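Participant: So that we are looking at the same thing, I have put the structure below in structure tokens.
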Amino acid sequence: MGIVTPPSKVLVTGANGFVGVWVVRLLLEQGYYVRGTVRSEQKATYLKVRFAKYDDKLEIVVIPDMLVATAFDESVKGVQGILHMAAVVSLGGTYESEFSYNGLRHSLTALSAIVKPSIVMTENILNSTLKYGTDVRRLTITSSAVALLQPQEPGYTYTDKDWNEYAIQEMKEKGDKSAYHIPYFAAKTMAERAAWEFLRFRAPDP
């Protein structure tokens, strides 16, 4: 993939998140045009007010349901870079509401609340980019150190070959009874794996 320099346009998913807001700010300060995605008009308004001085350099797109397969189809068009930062984060340990996936309502468990949506969003942005991101030169997916950090003996050296198999196994065995942080750890691990699998089997040759 190529280098994306100002004044290129960069898509930032989850632009209202803690990390996302800082990334949007840095991109704008460096002269990039930014297209950010959020889930609601309220969050869109927040960003527009926060970065009002940049005027037309910031475009906000509201995508209420990023789990729909076509959610990012329009957003990836006409951008040269993509930073996929949207994430599902819940550390409350309870999942008693519902979420929407492709128009259907599902009762929430840790698996359906965090793990599956994280994987689906990653696959959606990759599929949309492959289909419609004809101008995209670089795509970056935000993962986490927790995708590889699992209990090891003192002095163990982690490498890019490590995966957090512990979190995945805990989810399989205990489900919602696992420790509050385990679903997030498992989600980050499996979402990054999905990205690598996509690169291996579906991405076009460089």
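Participant: What residue among THR157, THR134, THR122 shows peak mean-square fluctuation when the chain is described by a Gaussian network model with Cα springs under 10 Å?
Facilitator: The residue that fluctuates most here is THR157.
Participant: Oh, and also: Looking at this model, which pairs from LYS53/LYS188; LYS43/LYS116; LYS43/LYS161; LYS9/LYS43; LYS116/LYS177; LYS48/LYS77 are more than 27 angstrom apart at the alpha-carbon?
Facilitator: Long pairs (Cα-Cα over 27 Å): LYS53/LYS188; LYS43/LYS161.
Participant: Only four residue types carry charge here, +1 at the Cβ of Lys and Arg and -1 at the Cβ of Asp and Glu. Report the dipole size of the chain about the Cα centre in Debye, rounded to the nearest 20.
Facilitator: 420 debye
Participant: Helix 116-132 versus the longest principal axis of the chain: what angle, 0 to 90°, nearest 10, using Cα atoms?
Facilitator: Around 40 degrees separate the two axes.
Participant: Something else: Expressed as an acute angle from 0 to 90° and rounded to the nearest 10, what is the orientation of the C-alpha long axis of helix 18-29 relative to the principal long axis of the chain?
Facilitator: Once rounded, one gets 30 degrees.
Participant: With axes computed from alpha carbons, what is the tilt in degrees of helix 182-201 against the longest principal axis of the chain, rounded to the nearest 10 within 0 to 90?
Facilitator: So the inclination is approximately 60 degrees.
Participant: Let me ask something else. With springs connecting C-alpha atoms under 10 Å apart, model the chain as a Gaussian network and identify which of SER128, SER40, SER143 has the largest mean-square fluctuation.
Facilitator: The residue that fluctuates most here is SER40.
Participant: Would you calculate, for the chain, the mean residue ellipticity at 222 nm contributed by helices, counting each DSSP H stretch of 4 or more residues as -39,500 (n - 2.57) and dividing by all residues, to the nearest 500?
Facilitator: Details: 5 runs with 69 residues, N = 206.
The per-residue figure over the chain is -11000 deg cm²/dmol.
Participant: Mind ranking 183-191, 61-69 by how tightly packed they are, going by the mean number of other C-beta atoms within 10 angstrom, highest first?
Facilitator: So the peptides 183-191, 61-69, ranked by packing, come out 183-191, 61-69.
Participant: Classify the stretch 130-206 as rounded, prolate or oblate from the Cα gyration tensor: take a ≥ b ≥ c as the square roots of its eigenvalues, call it rounded if a/c is under 1.5, otherwise prolate when a/b beats b/c and oblate if not.
Facilitator: It comes out prolate by the Cα gyration axes.
Participant: Out of THR70, THR159, THR129, any idea which swings most in a Gaussian network model of the chain, alpha carbons joined below 10 Å?
Facilitator: In the Gaussian network model the winner is THR159.
Participant: Okay, next question. Which net charge results when you count Lys and Arg as +1 and Asp and Glu as -1 among the other residues whose beta-carbon is under 9 Å from that of SER143?
Facilitator: Value of the local net charge: 0.
Participant: Net charge near SER8, counting Lys/Arg +1 and Asp/Glu -1 over other residues with Cβ under 12 Å of its Cβ?
Facilitator: Net charge around SER8: +4.
Participant: One quarter of the convex hull surface, Cα atoms only: what value does that give for the chain in nm²?
Facilitator: Over all viewing directions, the chain projects a mean Cα-hull area of 12.9 nm².
Quick note: the coordinates plus some simple rules give every number you see, no bench work behind them. The model shown is predicted, which means the values in this text are computed figures rather than measured ones. Glycine also receives a Cβ, built like all others from the backbone with ideal geometry; neighbour counts cover every protein chain displayed.
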